[in-house]
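Novice: One structure is given below, represented as structure tokens, and several questions about it will come after.
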Amino acid sequence: MEDWFDRASVGVLQSPINRRERIEGRVGMPRERAVTALTIPNITGDIMTPKNPFLSVDQKIVGDVFTSSEVMNNLIILCDEFGSRFGGTEGERQAAEFIEAKLEEYGLKNVHREMVEYVGWTRGEAKLEIISPIEKTIPCISLPHSPPTNLEGAIIDMGDGAPADFDRQAEEIKGKILMTTSAVNPKGEQRWIHRGEKYGRSVLAGARGFIFVNHYPAYGPATGGVGHGGEGLIPGISVGREDGAFIQRLIKRAGEVRIRLTTTDRCQPMTSWNIIGDLPGELNPGEVVMLGCHYDGHDISQGAEDPASGAVAVMEAARVLAKYAPELPYTVRFALWGIEEIGLLGSKAYVEAHADELSEIRFYLNMDSAGAKGNKRDIVLNEWPELEPIFERWRDEMGLEFAVGQSVHAHSDHFPFFMAGVPTGGLQSAERSMEGRGYGHTRYDTVDKVDLASLREAAALAARVALRVASAENWPAVQREGEEVLELLDSPEYREERAFRNRLDAFYERARQGQ
Ligand SMILES: [Zn+2]
């Protein structure tokens, strides 16, 4: 590893003109430098910062990003011109074309769109009518991949939807329309209990419908996919907190509340696109570091923070790396994923289509929502302890203060790579807030929430990380075999969610075979 650090410290980037000289130069570098770089504070109280072998190019990257408004301009175009960019919309297609044109303009090579065929979803009218003990219509929206329905039944209020309660109350849930909030830590759960898990546990328990109540006041209903890579098995709708609270009070007073649910959404085959572009490596183009973020938002929203603040940071990193570090030893690949919001469908398709090239990926850095103001610009490694000291050293040499965390969740585009054994991580807060999404996944995730400084921080950090991964002579992370991935997910932190997913996968498989 020392060897790796030292060799990376060559002036790989100082003179983009003479490639051979740089590559030869790399071999002859003295090693002591890297070692002395990590020095303990001296007695006068000064802190010795590790020497930064990439200082010159770092200065160019940071200087350019922090004096250009390109990243915000791109955000405004993605959100204000193309709208939600939700799968199947005209704005999605326009966004894909725009991103492709931008990556070309920035000078990336092999820029192309990869088509993804999938089961898409189109929103229809949704109606929630209380039919007993009173008659009242409650405003609601369908959740993506909800099937059309015309259903009557009694509501069961499961509060915040703690996993254990679904098992405990399985008998009562059967045949009911289950109502639960969007709170992510029911009963003080340490694990983020995702909407998909609450819906999935409702399906497993035999509920006939699902009502998702926003736990934030004044944001209206929150959306989010409920399918399983396609149409969900029971209808799912969403209501605002105030309407959910009304129904809860009515249940308390009346004992039973019956409703009629009418939805008219449609699932049908659709096409989306991943947009890919490269800075090909000079030494070995086959070895790759990837930066990626999805560009689709939810149809009710501009999706400005989630995901666009991350998507434009990936694009900005592409712009400055192409400009100041176009000839790194290894390839930097930029990926803008389609249709993440309804099941990570774009990145899953990429991982399947490129299965035989995955062993060449050194690292995939996920940038979902990376430029959101409320997020920190930390690095979270998806359980890769061997990479932790490297990222910490890079942080110090870069003169930054981010945290390096270790954890993994299943709800963004790193996950298909993670499952395939690829070393992955995310540019996100190391301490995951257990608050929830706030205005995320509502119609209020708009451009005005995003600030330029956060976009710039995300873009500059991503570029500087990619620069380092793509320059490292040796890369210490060894990809995991399938067995090792499953073993990791069988550890106490991940076991409960994994077991649930396995049950749900099996349930869907049986249900879809029977269809
Ligand atoms: Zn996202």
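Novice: Using packing as a proxy for protection, rank 132-141, 195-204 so that the peptide with the highest average count of other Cβ atoms within 10 Å comes first.
Specialist: 195-204, 132-141
Novice: I would also like to ask the following. Using helices alone, I'd like the mean residue ellipticity at 222 nm for the chain: each DSSP H run of four-plus residues gives -39500 (n - 2.57), total over residue count, nearest 500.
Specialist: Helix-only estimate at 222 nm: -10500 deg cm²/dmol.
Novice: I want to make sure I understand the PRE zone here: with the label point 7 angstrom from the Cα of residue 93 toward its beta carbon, which residues in region 108-137 have backbone N atoms less than 19 Å away?
Specialist: So the set is 112-123.
Novice: Starting from the Cα gyration tensor of region 67-112, take the square roots of the eigenvalues, sort them a ≥ b ≥ c, and report rounded, prolate or oblate (rounded when a/c is under 1.5, otherwise prolate if a/b is larger than b/c, else oblate).
Specialist: Oblate is the answer for region 67-112, as a/c is 1.5 or above yet b/c matches or exceeds a/b.
Novice: Work out the FRET efficiency for residue 73 and residue 169 from their Cβ-Cβ distance, taking R0 = 35 Å, and round it to the nearest 0.05.
Specialist: 0.10
Novice: Output the Kirkwood hydrodynamic radius of region 324-398, Cα pairs only, in Å rounded to one decimal.
Specialist: Answer for region 324-398: a Kirkwood hydrodynamic radius of 15.1 Å.
Novice: While we're on this one: Report, in whole Å, the centroid distance computed from the Cα atoms of region 319-337 and region 55-79.
Specialist: Using only Cα atoms to place each centre, the spacing works out to 14 Å.
Novice: For the chain, what are the DSSP H helices with axial Cα length of 20 Å or more and mean Kyte-Doolittle hydropathy of at least -0.5?
Specialist: Helices meeting the span and hydropathy rule in the chain are 310-324, 452-469.
Novice: Over the alpha-carbon set of region 182-240, work out the extent along each principal axis and list the three values in angstrom, largest first.
Specialist: 28, 26, 20
Novice: Among 514, 344, 149, whose Cα projects farthest towards the positive end of the dipole of the chain, with charges put on the beta-carbon of Lys, Arg (+1) and Asp, Glu (-1)?
Specialist: Towards the positive end, the residue furthest out is 149.
Novice: Take the Cα pairs of region 77-176, get the Kirkwood Rh, then feed it into Stokes-Einstein at 10 °C and 1.306 mPa s and tell me D in µm²/s.
Specialist: Translational diffusion coefficient: 87 µm²/s.
Novice: Let me ask you something else. How would you order 79-89, 220-230 from highest to lowest mean count of nearby Cβ atoms within 10 Å?
Specialist: Result, highest mean Cβ count within 10 Å first: 220-230, 79-89.
Novice: So for the chain, averaging the separation of alpha carbon pairs under 8 Å that are six or more residues apart and normalising by length, what relative contact order in percent results?
Specialist: In percent, rounded to a whole number, it is 19.
Novice: Quick one: Kirkwood hydrodynamic radius for region 239-314, alpha-carbon pairs, angstrom, one decimal?
Specialist: Taking the inverse mean of 1/r over all distinct Cα pairs, region 239-314 comes out at 17.9 Å.
Novice: Follow-up question, since we're still on this one. In whole Å and largest first, what semi-axes does the C-alpha gyration tensor of the chain yield when each eigenvalue is scaled by 5 and square-rooted?
Specialist: Calculated on Cα positions only, the semi-axes equal 44, 23, 21 Å.
Novice: Okay, moving on. Kindly list the residues of region 69-98 that lie in the label zone of residue 353, defined by a backbone N under 15 Å from the point 7 Å along the Cα-to-C-beta vector.
Specialist: From region 69-98, the list is 96-97.
Novice: Hey, another quick one. Along the charge dipole of region 153-243, pointing to its positive end and built from +1/-1 on Cβ of Lys, Arg, Asp and Glu, which listed residue (217, 232, 159) has its Cα farthest out?
Specialist: Toward the positive end, the furthest listed residue is 232.
Novice: Can you give the alpha-carbon Rg of region 370-505 over 2.2 N^0.38 Å, where N counts its residues?
Specialist: 1.15
Novice: Ranked highest first by average number of other Cβ atoms within 10 Å, how do 281-287, 455-461, 121-127 line up?
Specialist: 455-461, 121-127, 281-287
Novice: Work out how much length residue 499 to residue 447 would gain on full extension: take 0.36 nm times their residue separation and subtract the Cα-Cα distance, in nm to one decimal.
Specialist: 14.9 nm
We did not get these values from a lab; they are worked out from the coordinates using the rules stated. It should be emphasised that the depicted structure is a prediction, and the values quoted were computed from it without experimental measurement. Neighbour counts are summed over all protein chains in view; Cβ atoms, including those assigned to glycine, are modelled from backbone coordinates with ideal geometry.
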